[in-house]
Amino acid sequence: MKFIRNVGICMGMLALALVAAASERSQEVNRTTYKTQQVGNIRIFYREAGSPSRPTIVLLHGFPSSSHMFRDLIPQLSGQYHVIAADMPGYGYSDQPSPDGFVYTFDHIASVMDQFLDSIGVKKYSIYIQDYGAPIGFRLFLKHPDRIQAIITQNGNAYEEGLSPFWAESIVPYWKDKNPETEKKIRELLTFETTKFQYTKGFRNPENVSPDSYTFDQMTLDRPGNDVIQLALFYDYQKNVKQYPQWHEALRKAKPPVLAVWGKNDPIFLPAGAEAYKRDVPDAEIHFVDSGHFALEEDSTEIARYILAFLSKRVK
């Protein structure tokens, strides 16, 4: 009996050891790693987590942020998905090539991001789009509708009704007449006050927002020469609005699963922009959180739950 009891204890200890080893391997796979990938003459910085054997989610950041905005979301997704979040050229830790040798347009940046995904072997994926991530993501969708398994939009606009009065007041005059006076309004959007505003306006409690977020964003905006990059992209944004009908047609034709999780108090992109997705994808899921433009800062857990529930039904 003593022998049997000892064998049982040994087996139990072995089982615990195996469970611990499996847990350790799982934690290692799900750990966020920080990498760079050469794309032509540009180094692209990216965060990666989760096993590549799982379905991939590509997180596309907005202005003036970077993959840093996904720091809380990535660990919540990587247990079930392979997650990639890259910094676009001119943002975060990626290279900031001079505008003299690099054309800063949404078309060109989308092309770079497409090459980046090819270079790391990502062929099929869902996209999470926010702010500037939307025009980049939709260009990837137009080029490779067969690759995009689902679209998750968090204040990633694709409809004119989603444009708040801010656009008519500050951006459209610059599109119509680029001069020192209209440029001055754009330059005001590159200040610390405006960056912090994007991270606090419409939030339930601004104290939920880490100052690391807007401070890090501002550090990249303040790099020498970055203002020229931002001016170019603000001017080029008008092409995104003109492309909206193409995006809508592509949605109707390809019928990708669409999840909209929107910070309903966003002063830049209105809730109507989320509801409008149903016009082209009638079964799109629409959810609102009581937050602002960078809703992940205080609602990453709720947004992650929506994403996991949505993708579990739509992507295998």
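The values are calculated or read from the model by the stated rules, or taken from the named source; none is laboratory data. What you are looking at is a predicted structure, and each value in this text was computed from that prediction instead of being measured. Quick reminder, even Gly has a Cβ in these numbers, built from the backbone with ideal geometry, and neighbours come from all protein chains shown.
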In this structure, does Ile109 turn out to be of a type in the set (Val, Ile, Thr) and in contact with a strand residue (DSSP E or B) (Cβ under 7 Å, 6 or more places away or on another chain)?
-> no
Since Asp280 meets every condition but one in (1) within 19 Å of Gln80 (Cβ to Cβ); (2) touching a Leu at 6+ places or on another chain (Cβ under 8 Å), which condition does it not meet?
-> (1)
Which pairs do you get when a residue that is closer than 30 Å to Glu207 by Cβ and assigned by TED's automatic domain parsing to the domain that holds Arg54, found in the range 299-316, comes within reach of a residue that is surrounded by fewer than 18 Cβ atoms within 10 Å (Cβ to Cβ) and charged (D, E, K, R), reach meaning Cβ atoms under 6 angstrom, with the pair 6+ apart or on two chains?
-> Ser300/Asp72
Only one of Val122, Val83 that is in the same structural domain as Pro245 (by TED's automatic domain parsing), under 20 Å from Ser65 (Cα atoms) and either in contact with a helix residue (DSSP H, G or I) (Cβ under 6 Å, 6 or more places away or on another chain) or in contact (Cβ under 8 Å) with a residue 12 or more places away in the chain (or both) | Val83
Regarding Ile152, is this residue at pLDDT 95 or above and in a strand (DSSP E or B)?
-> yes
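Residue by residue, here is whether (1) under 25 Å from Lys143 (Cβ atoms); (2) over 20 Å from the mean Cα position of the chain (by Cα); (3) surrounded by 19 or more Cβ atoms within 10 Å (Cβ to Cβ); (4) of a type in the set (A, V, I, L, M, F, W, C) holds:
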| position | (1), (2), (3), (4) |
| --- | --- |
| Ala254 | yes, yes, no, yes |
| Gly273 | yes, no, yes, no |
| Lys278 | yes, yes, no, no |
| Asp283 | yes, yes, no, no |
| Val289 | no, no, yes, yes |
| Glu298 | no, no, yes, no |
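For (1) among the aliphatic types (A, V, I, L, M); (2) under 17 Å from Ala276 (Cα atoms); (3) assigned by TED's automatic domain parsing to the domain that holds Pro256, each residue gets a yes or a no:
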residue	(1), (2), (3)
Ile136	yes, no, yes
Phe141	no, no, yes
Gln149	no, no, yes
Ala158	yes, yes, yes
Phe166	no, no, yes
Ser170	no, no, yes
Trp175	no, no, yes
Glu181	no, no, yes
Arg187	no, no, yes
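Kindly indicate whether Ser210 is touching a Lys or Arg at 6+ places or on another chain (Cβ under 6 Å), among the polar types (S, T, N, Q) and under 22 Å from Asn265 (Cα atoms).
Working: touching a Lys or Arg at 6+ places or on another chain (Cβ under 6 Å): no; among the polar types (S, T, N, Q): yes; under 22 Å from Asn265 (Cα atoms): yes.
No; evaluated as a whole, the condition is false for this residue.
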Could you tell me whether Ile229 is in contact (Cβ under 8 Å) with a residue 12 or more places away in the chain, in a helix (DSSP H, G or I) and either in contact with a Pro (Cβ under 9 Å, 6 or more places away or on another chain) or not assigned by TED's automatic domain parsing to the domain that holds Thr301 (or both)?
-> yes
If you take just the helices (runs of 4 or more DSSP H) that sit entirely in the range 249-316, which of them hold at least 2 residues that are closer than 30 Å to Ser213 by Cα?
-> 271-275, 296-314
When the range 201-215 is examined, which residues are found to be buried (at least 18 other Cβ atoms within 10 Å of the Cβ) and not aliphatic (A, V, I, L, M)?
-> Gly202, Phe203, Ser213, Tyr214
Within the set of pairs 6 or more residues apart or between chains, which connect a residue that is part of a loop (DSSP other than H, G, I, E, B) inside the range 194-205 to a residue that is surrounded by fewer than 17 Cβ atoms within 10 Å (Cβ to Cβ) with Cβ atoms less than 8 Å apart?
-> Tyr199/Pro206; Thr200/Pro206; Lys201/Pro267; Gly202/Lys264; Gly202/Pro267; Arg204/Asp290
